[in-house]
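To keep things clear, I will list the structure first and then write my remarks on it.
The values are calculated or read from the model by the stated rules, or taken from the named source; none is laboratory data. The model shown is predicted, which means the values in this text are computed figures rather than measured ones. All Cβ positions, even for glycine, are placed from backbone atoms using ideal geometry, and neighbour counts span all protein chains on display. Surface areas here come from the heavy atoms of the whole protein model, side chains and all, with no ligands, DNA or RNA. Shrake-Rupley method; radii C 1.70, N 1.55, O 1.52, S 1.80 Å.
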Amino acid sequence: RLGAVPLSLLVPEIAKAGGDIPLNAGNLTGTVEGFVLDRILSPRQAIEPLMLAHFFDAVECDGIVQFQHSGNSPVVTVTPADLAVADNAATPGFSLTRGQETELPFSAKLTYLDAQADYRQAAVEARRAIVHSQRVSNAALPMVLTQSNAQRVAEIWLQDTWIKRERASLSLPPS
């Protein structure tokens, strides 16, 4: 059990259990008020609830695992000149795909430890008003949150799922 730990210190400590891998979590901000590991988990399984609650991703770059908050500025911008497509090609060198609405959740439910209710387990739910889906996404966060913070996480998680339904495929030259 841990309490009131900066996210930038907690994530590397958990990741150390996976071996001696180079990583950088220095750009992570925020504090974890309480975090419980109540069973044996891989480092990835232990970090995933933190990623959901604090909105960060893990990426590998030059052999270093980098943890960074979602929504940061783009790492690279790809222009049409960067695509591996002949000038007279019939296809544009990219395609955009949008996931079907019925495959996306209309509701996101989170369970968490409520800081204002003697650390009892509590739940919140976010819903989309008008959708043609019956799917529900569930997540159990083994961490201490206030109800308002948990509700905020659920709402952002649901909206983020809908935003990420669009995918791009690019034809790039060998690097």
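The table for this structure:
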item	result
Enumeration of residues in the stretch 67-85 that are closer than 18 Å to P6 by Cβ and either of a type in the set (A, V, I, L, M) or open to solvent by less than 50 Å² (accessible area, probe 1.4 Å) (or both)	F67, H69
Condition check for V75: at pLDDT below 90 and within 23 Å of T161 (Cβ to Cβ)	yes
Number of positions in the stretch 38-66 that are over 23 Å from K164 (Cα atoms), out of contact with any helix residue (DSSP H, G or I) (no Cβ under 6 Å at 6 or more places or on another chain) and surrounded by 10 or more Cβ atoms within 10 Å (Cβ to Cβ)	3
From L141, L113, L104, residue being in contact (Cβ under 8 Å) with a residue 60 or more places away in the chain and open to solvent by 30 Å² or more (accessible area, probe 1.4 Å)	L113
P173 being of a type outside the set (D, E), assigned to a loop (DSSP other than H, G, I, E, B) and at negative phi	yes
